[in-house]
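S.K.: Can you read through this structure? Questions will come right after.
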Amino acid sequence: MLSVPQKMLAVIFGGRSGEHVVSLRSAESIMKAVDRERYRVIQVGITREGRWITGDSAWQVLRGERPLSEAAEAVLLTDPSRPGLLSRPAEGAAWTFQPLDLAFPVLHGPFGEDGTVQGLLELAGIPYVGSGVLASAVSMDKVVMKILFQKYQLPVAPYLYFYRWDWKRRKRDLAGRIAAELGYPCFVKPANLGSSVGISRVIDEEFFSAAVDEALLYDDKVVVEKAISGREIECSVIGDLEPRASRPGEIIPCNEFYDYRAKYLDDRSLLIVPVELGEQLEEKIKELACAAFKAVEASGLARVDFFVNTDEGQIVINEINTIPGFTSISMYPKLWEVSGISYGELINQLLALAESRFQRRRALRTAPPE
Ligand SMILES: Nc1ncnc2c1ncn2[C@@H]1O[C@H](COP(=O)(O)OP(=O)(O)O)[C@@H](O)[C@H]1O
Ligand SMILES: [Mg+2]
């Protein structure tokens with residue numbers, strides 16, 4: 001039997017965001033399931049401080065199970081003629097070069113899901129799983145994402161947004177507009193973040209100002225949305241120019257809304273996979289999930305989250321996540337499992353998509369003909 005040479009696959013995990021621990025869990029599942037005949041996993045960990053490390057114990061180092069001294073310091077080369085990493089086991093030691101064929105950034109939130117690491121991989125000339133710089137950045141910004149969705153006539157919750165400086169000068173005006181145009185309850189969120197951090201559900205004008213101050217701790221831009229009463233339905237998408245959607249699932253948060261505690265600290269939230277919504281509604285959700293994916297120009301994978309009022313058949317798109325949770329029990333892969341793609345196969349497909357997108361884009365001219 002002909003053996004295919006193994007490709008060097010960097011699985012990048014950890015990172016500076018609040019979702020560091022979730023990333024470690026996702027990466028653990030991915031590394032266990034990667035097809036070892038085709039790929040050799042090169043662990044690339046990013047500490048909470050942003051230091052890059054590599055080596056077979058990088059994951060355990062980030063978990064705190066081994067000392068930092070056991071991992072090698074790593075630097076991703078940004079020279080596309082030599083795609084790979086330089087690493088050295090200790091300060092003063094010689095650098096060694098580790099070539100890379102592919103990367104799977106398993107980083108959730110800022111400094112990883114937002115186009116920053118994607119930009120680095122573009123410079124490095126390494127094909128990577130998931131969306132490029134534009135889609136990653138746009139999908140991290142709840143305001144720009146909504147503006148794009150609206151451009152494509154996709155349903156979003158009524159919202160307003162403003163910046164720190166507006167808030168400083170026009171507090172009263174803004175509070176008045178929120179009351180008049182959105183009403184209470186509403187949701188106040190930092191525009192760029194994830195995992196429900198800095199988000200408040202505000203039931204009354206009295207609490208509005210404190211919620212804005214809280215959101216402003218995390219970003220200069222704040223988005224306020226009308227509270228939508230509906231079930232939280234999620235749908236997985238895979239593909240590139242012609243994406244496909246999975247069957248939908250439902251999240252039943254154990255708290256009043258799907259806040260940080262309900263997501264990560266409390267295991268009483270329920271995931272219903274798949275959720276039976278009837279053929280018509282299911283088709284509509286799949287269609288909107290693909291449309292949202294295309295609207296932000298996502299690639300590879302994304303999970304699109306909805307609020308659905310099943311009595312009235314009303315659907316609102318809440319957000320698109322370009323690197324959704326990826327443990328074997330996370331919504332994204334579970335929805336594929338019930339839609340015919342196993343966890344291992346899903347990883348293979350995503351890696352193949354990364355390579356085909358890279359080849360397609362590499363064929364593009366970057367300068368006029370001589
Ligand atoms: N407009 C809204 N109406 C009702 N619930 C909302 C609304 N916005 C957010 N939520 C609740 O807050 C959670 C987190 O908000 P979300 O915008 O998804 O932030 P994150 O990007 O941090 O996941 C949602 O899963 C939902 O439970
Ligand atoms: Mg969310």
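S.K.: Across the stretch 248-269, which residue is modelled with the highest pLDDT among those that are charged (D, E, K, R) and away from ligand 2 (no atom under 11 Å from the Cβ)? Show your work before the answer.
M.R.: The initial filter retains those residues of the stretch 248-269 that are charged (D, E, K, R), namely 250, 256, 259, 261, 263, 266-268.
Subset that is away from ligand 2 (no atom under 11 Å from the Cβ): 250, 256, 261, 266-268.
Working: 250: 97, 256: 80, 261: 75, 266: 73, 267: 76, 268: 81.
Looking at the filtered set, the residue picked out is 250.
S.K.: If you take the residues in the stretch 13-68 that are basic (Lys, Arg) and part of a helix (DSSP H, G or I), which one is most open to solvent (accessible area, probe 1.4 Å)? Quick ask: steps written out before the conclusion?
M.R.: Just the residues of the stretch 13-68 that are basic (Lys, Arg), to begin with: 16, 25, 32, 36, 38, 40, 48, 51, 63, 66.
Add one more test, that the residue is part of a helix (DSSP H, G or I), and what stays is 25, 32.
On the way: 25: 101, 32: 156 Å².
Out of the qualifying residues, it is 32.
S.K.: Follow-up. Can you pull out the residues in the stretch 201-218 that are within 14 Å of ligand 1 (Cβ to nearest atom) and surrounded by fewer than 20 Cβ atoms within 10 Å (Cβ to Cβ)? Walk me through how you get there before you give the answer.
M.R.: First, pick out the residues of the stretch 201-218 that are within 14 Å of ligand 1 (Cβ to nearest atom): 201-203, 211, 214-215, 218.
Once the filter is applied, which keeps residues that are within 14 Å of ligand 1 (Cβ to nearest atom) and surrounded by fewer than 20 Cβ atoms within 10 Å (Cβ to Cβ), the stretch 201-218 yields 201, 203, 214, 218.
S.K.: Which one is farthest from ligand 2 (Cβ to nearest atom), of the residues in the stretch 286-336 that are farther than 14 Å from residue 275 by Cβ and among the aromatic types (Phe, Trp, Tyr)?
M.R.: 336
S.K.: Of everything in the stretch 191-206, what is more than 13 Å from ligand 2 (Cβ to nearest atom) and either β-branched (Val, Ile, Thr) or without any contact (Cβ under 8 Å) to a residue 40 or more places away in the chain (or both)? Give them in sequence order.
M.R.: Once the filter is applied, which keeps residues that are more than 13 Å from ligand 2 (Cβ to nearest atom) and either β-branched (Val, Ile, Thr) or without any contact (Cβ under 8 Å) to a residue 40 or more places away in the chain (or both), the stretch 191-206 yields 200, 202, 203, 204, 205, 206.
S.K.: Does at least one position in the stretch 237-251 carry a residue that is within 26 Å of residue 290 (Cα to Cα), near ligand 1 (Cβ under 9 Å from one of its atoms) and touching a Ser or Thr at 6+ places or on another chain (Cβ under 8 Å)? I'd like the intermediate steps shown before the answer.
M.R.: Filtering the stretch 237-251 for residues within 26 Å of residue 290 (Cα to Cα) gives 237-251.
Going one step further and asking which of them are near ligand 1 (Cβ under 9 Å from one of its atoms), we end up with 251.
From the residues that got through so far, the ones that are touching a Ser or Thr at 6+ places or on another chain (Cβ under 8 Å) too are 251.
Yes, that holds for at least one residue.
S.K.: Can you say whether residue 269 is touching a Pro at 6+ places or on another chain (Cβ under 6 Å), surrounded by 16 or more Cβ atoms within 10 Å (Cβ to Cβ) and among the hydroxyl-bearing types (Ser, Thr, Tyr), as far as the supplied structure shows?
M.R.: Values: touching a Pro at 6+ places or on another chain (Cβ under 6 Å): yes; surrounded by 16 or more Cβ atoms within 10 Å (Cβ to Cβ): yes; among the hydroxyl-bearing types (Ser, Thr, Tyr): yes.
Judged against the criteria, residue 269 is a match.
S.K.: Same structure, new question: Taking only the stretch 125-182 into account, find how many residues are within 16 Å of ligand 1 (Cβ to nearest atom) and in a loop (DSSP other than H, G, I, E, B).
M.R.: 6
S.K.: Right, something else. How many of the residues making up the stretch 303-320 are under 14 Å from residue 290 (Cβ atoms) and more than 12 Å from ligand 1 (Cβ to nearest atom)?
M.R.: Taking the stretch 303-320 and keeping what is under 14 Å from residue 290 (Cβ atoms), we get 303-304, 306, 315, 317, 320.
Now narrow it down to the ones that are more than 12 Å from ligand 1 (Cβ to nearest atom): 315.
So the count comes out to 1.
S.K.: Search the stretch 214-225 for residues that are touching a residue at least 40 places away in the same chain (Cβ under 8 Å) and pair each with any residue that is among the β-branched types (Val, Ile, Thr) and open to solvent by 20 Å² or more (accessible area, probe 1.4 Å) when their beta-carbon atoms are under 9 Å apart and the residues are at least 6 apart or on different chains.
M.R.: Matching pairs, first to second residue: 225/156.
The values are calculated or read from the model by the stated rules, or taken from the named source; none is laboratory data. Being a predicted model, the structure only gives us computed values, none of them experimental. Cβ atoms come from the backbone with ideal geometry, glycine included; neighbour counts cover every protein chain shown. What goes into the accessible areas is simple: the full protein's heavy atoms, side chains included, and nothing from ligands, DNA or RNA. Shrake-Rupley method; radii C 1.70, N 1.55, O 1.52, S 1.80 Å.
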